Structures are given as C-alpha cells and as structure tokens.
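This report refers to the structure that appears directly beneath it.
The values are calculated or read from the model by the stated rules, or taken from the named source; none is laboratory data. Fair warning: this is a prediction, and the values are worked out from it, not measured in the lab. All Cβ positions, even for glycine, are placed from backbone atoms using ideal geometry, and neighbour counts span all protein chains on display.
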2 protein chains.
Amino acid sequence: MDPVTPKRPYDAYEYESSACSIARTLEQIGDRWALLILRDVANGVRRFDQLADHLGVARNVLSRRLAALTEFGVVTRVAYRDEGSRERQEYRLTDAGHELIPILLAFMGWGDRHLAGPEGPPAYPVHARCGAPVRVSITCEAGHDLGDRPHLHLEPGPGSRVRAGAPGGRA
Amino acid sequence: MDPVTPKRPYDAYEYESSACSIARTLEQIGDRWALLILRDVANGVRRFDQLADHLGVARNVLSRRLAALTEFGVVTRVAYRDEGSRERQEYRLTDAGHELIPILLAFMGWGDRHLAGPEGPPAYPVHARCGAPVRVSITCEAGHDLGDRPHLHLEPGPGSRVRAGAPGGRA
C-alpha cells in the first residue's frame with residue numbers, strides 16, 4: 001500500500017480509537033509513574049531504593065509499576081552486588097525501552113518551552129558522542145523540517161479498523 | 001551558561017524529580033485520557049458528543065478532562081452552530097496544544113514499531129503540504145541524527161534544583 005495516495009480522506013471519527021498506536025502505547029505506559037520511572041532508569045537512577053526515594057512514590061506502587069514495565073519488555077532486571085552485601089537487582093532499559101527516549105524528550109522539550117519559568121530549563125540533553133544539544137524534530141521523507149507545530153494529515157494504514165457504528169463507516 | 005561544558009557530571013539522583021520538564025508536563029497531561037483527547041482533537045474529532053462516543057469515556061470524566069486541558073491552555077472552545085440547532089462549542093488545539101503533536105507522534109512511532117501486529121500500522125502521518133511520510137527524529141546541533149535509540153547525556157540547566165538530602169548534593 002502506498003501511504004501517500006489515500007483511497008479516501010482520513011476521518012479519525014470513523015476509525016476505532018483502540019486500534020491506534022498511540023492508544024496501544026498509552027495502554028501500557030500512559031501514566032505519570034510509568035513515564036517518570038522510565039525517565040529515571042534512562043538517567044541512571046536504577047535501584048529500587050533510589051527510585052522510591054527520588055520519585056517519592058509508595059514502594060508498593062513502584063513495585064507494581066516496575067513489574068508491569070518489566071513484563072511489557074521495556075525494562076529488565078540486572079543483578080549487582082555491593083561489596084559486603086547480598087546480590088540485588090537493578091533496572092535497565094531494554095532496546096525497546098531505549099526507543100521510548102524520543103517520547104521522554106518530546107515531553108521535556110515541551111515542558112522546557114512552556115513550564116520552565118524564568119530561571120530556564122532544569123537540564124539540557126546533549127548528544128553523548130559529540131556533546132551538542134539535542135532536539136526532537138519532525139521531518140518528512142521529502143526532507144522538510146515541519147517545525148514545532150507540524151501540520152500533518154493521517155492516511156489510513158493496513159492495520160486501521162473502521163468502527164461498526166461510525167457515520168460514513170464501511171462496516 | 002554553556003550547556004555543552006558542564007561544571008560537573010549530571011547525576012539525576014541528585015536533582016529534584018519535580019523540577020524536571022518531563023515531570024511538570026506529565027503533571028498536566030500525563031494520563032491516558034488527556035493524551036487521547038488531545039489526539040482526537042488534533043485529528044478533527046472536536047465535538048463533545050463525538051469525543052465521548054469515539055473515546056468510549058464517561059461524559060463526566062470527559063467534561064473534567066476538557067475543562068482541565070482548557071484551563072491549562074492547550075485546548076480552547078470555539079462556538080459553532082449546525083443549521084436549525086442552538087450554538088454549541090467545539091474544541092481546538094491552541095498554539096501550545098499544537099506543539100504537543102511531537103509527543104503524540106513519538107507515542108505513535110513507538111506503537112507502530114512495537115505494537116502494530118502483523119497487519120501493520122493503523123495510520124500513517126504525512127506532511128500536510130507535500131504528502132510525504134513523517135517521522136520523529138532526534139538530532140543534535142552538530143547535525144547528527146541520533147537514530148531510534150539515542151545516546152544522550154544530561155547537563156544541569158539554570159533551572160535545576162539539587163535535592164537537599166541527596167548524596168553528593170551541594171545543598
């Protein structure tokens with residue numbers, strides 16, 4: 001299927017909300033604690049006690065969220081042992097978890113622009129290899145940078161599902 | 001302040017979790033309904049009844065979430081009148097709301113890669129002007145594309161706050 005040549009205009013209301021990739025991702029990590037845990041693990045806060053302390057989250061909530069994120073496959077447990085202590089577990093991003101970083105950066109960029117206050121951004125993300133500041137950009141395959149307020153259309157993809165009761169729907 | 005030349009290495013555990021731009025943004029829109037409402041409004045599902053129907057959300061929940069998003073300044077009410085009906089309100093993204101689209105696209109891209117299933121993505125975002133497929137990319141000011149699993153460091157920004165009780169913290 002050629003995504004650029006739609007058979008008909010996309011009308012979001014005709015399509016099943018739950019078949020959307022945004023909805024499916026939010027179903028798994030669409031809450032504040034999940035995303036803050038992922039942020040902390042990405043930033044090197046990886047041990048249970050440190051996460052509980054840094055996030056100020058109840059230990060039972062943290063435990064449940066970490067178990068869910070582990071089962072979902074975005075974090076994994078890795079054993080470590082401090083000298084003189086028993087073996088413990090810390091949490092790391094998996095490859096799939098690492099691919100969530102653009103989501104976190106998009107939240108960060110928006111917050112930096114709109115919520116940072118007069119003192120300025122709390123942190124700068126930089127490219128680990130060259131040290132240059134990093135940004136999220138929306139680009140198209142024709143080479144355009146769509147800027148901070150991108151103008152998009154959606155085209156129905158092969159996995160779209162038209163809602164049974166939708167006005168104008170085929171089903 | 002030069003963000004590229006840190007005074008000291010960034011240790012996320014030393015910094016206040018709540019002073020982070022990710023945390024501040026999640027505080028306002030970090031739940032599944034808020035982000036799904038923003039998705040729908042961005043995609044042209046703008047009327048209360050359509051939103052309630054499309055999202056399958058309870059009307060009192062939708063009403064509270066729309067009021068919060070309006071107060072937060074990312075959606076705004078616009079009057080419309082269907083022929084023969086009284087004036088009603090629909091919801092549109094504000095400029096600040098429009099700048100949330102990269103967050104939604106980042107969720108969409110991740111879901112397309114990891115949760116779409118064998119049938120493929122449910123929808124393709126394309127550039128409204130040229131029709132070419134769109135993607136979220138992480139780039140640095142030195143011109144590098146950091147790919148799907150970007151390697152980043154954080155540098156403390158002017159708005160960072162060291163935690164009072166942090167090990168190694170200055171306060």
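So, of the residues in the range A:114-160 that are within 30 Å of A:Ala19 (Cα to Cα), outside any strand (DSSP E or B) and more than 7 Å from chain B (Cβ to nearest Cβ), which turns out to be nearest to the chain's Cα centre (by Cα)? Even if it seems obvious, please write down each step before you answer.
At the first step, the residues of the range A:114-160 found to be within 30 Å of A:Ala19 (Cα to Cα) are A:135-160.
Checking which are outside any strand (DSSP E or B) leaves us with A:141-144, A:146-151, A:157-160.
So of that shortlist, the ones also more than 7 Å from chain B (Cβ to nearest Cβ) come out as A:143, A:147.
Details: A:Gly143: 24, A:Gly147: 20 Å.
It comes out as A:Gly147.
Out of everything in the range A:69-81 that is in a helix (DSSP H, G or I) and free of Cβ contacts under 8 Å to residues at least 40 places away in the same chain, what residue ends up being surrounded by the most Cβ atoms within 10 Å (Cβ to Cβ)?
A:Thr70
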Exercise. Examine the range B:82-100 for a residue that is more than 16 Å from B:Gly44 (Cβ to Cβ), assigned to a helix (DSSP H, G or I) and free of Cβ contacts under 8 Å to residues at least 40 places away in the same chain, and state whether such a residue exists.
Key: yes
Quiz item: If you check A:Thr94 against the conditions, is it more than 22 Å from B:Asp11 (Cβ to Cβ), surrounded by 14 or more Cβ atoms within 10 Å (Cβ to Cβ) and either more than 7 Å from chain B (Cβ to nearest Cβ) or modelled with pLDDT under 95 (or both)?
Solution: yes
Quiz item: Does A:Leu55 fit the bill of being more than 18 Å from B:Thr139 (Cα to Cα) and more than 7 Å from chain B (Cβ to nearest Cβ)?
Solution: no
Quiz item: Quick one: B:Ala12 ticks every box in (1) over 20 Å from B:Ile103 (Cβ atoms); (2) more than 19 Å from the chain's Cα centre (by Cα); (3) modelled with pLDDT of 95 or more bar one, so which box is it?
Solution: (3)
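Residues checked against (1) hydroxyl-bearing (Ser, Thr, Tyr); (2) under 30 Å from B:Arg163 (Cβ atoms); (3) over 13 Å from the mean Cα position of the chain (by Cα):
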position	(1), (2), (3)
B:Arg59	no, no, yes
B:Val74	no, yes, no
B:Tyr80	yes, no, yes
B:Gln89	no, no, yes
Quiz item: in contact with an Asp or Glu (Cβ under 8 Å, 6 or more places away or on another chain), more than 9 Å from chain A (Cβ to nearest Cβ), under 29 Å from B:Pro122 (Cα atoms) and not aromatic (Phe, Trp, Tyr), is that true of B:Arg46?
Solution: yes
Quiz prompt | Given (1) over 13 Å from the mean Cα position of the chain (by Cα); (2) buried (at least 18 other Cβ atoms within 10 Å of the Cβ), index of the condition B:Ile101 fails | solution = (1)
Quiz item: Here is a list of conditions, (1) modelled with pLDDT of 95 or more; (2) loosely packed, with under 15 Cβ neighbours inside 10 Å, and A:Gly120 meets all of them except one; can you say which number that is?
Solution: (1)
Self-check item: For B:Pro158: the one exception among (1) modelled with pLDDT of 95 or more; (2) out of contact with any Lys or Arg (no Cβ under 6 Å at 6 or more places or on another chain)
Solution: (1)
Self-check item: A:Glu87 vs. criteria modelled with pLDDT of 95 or more, among the acidic types (Asp, Glu) and over 26 Å from B:Glu155 (Cβ atoms)
Solution: no
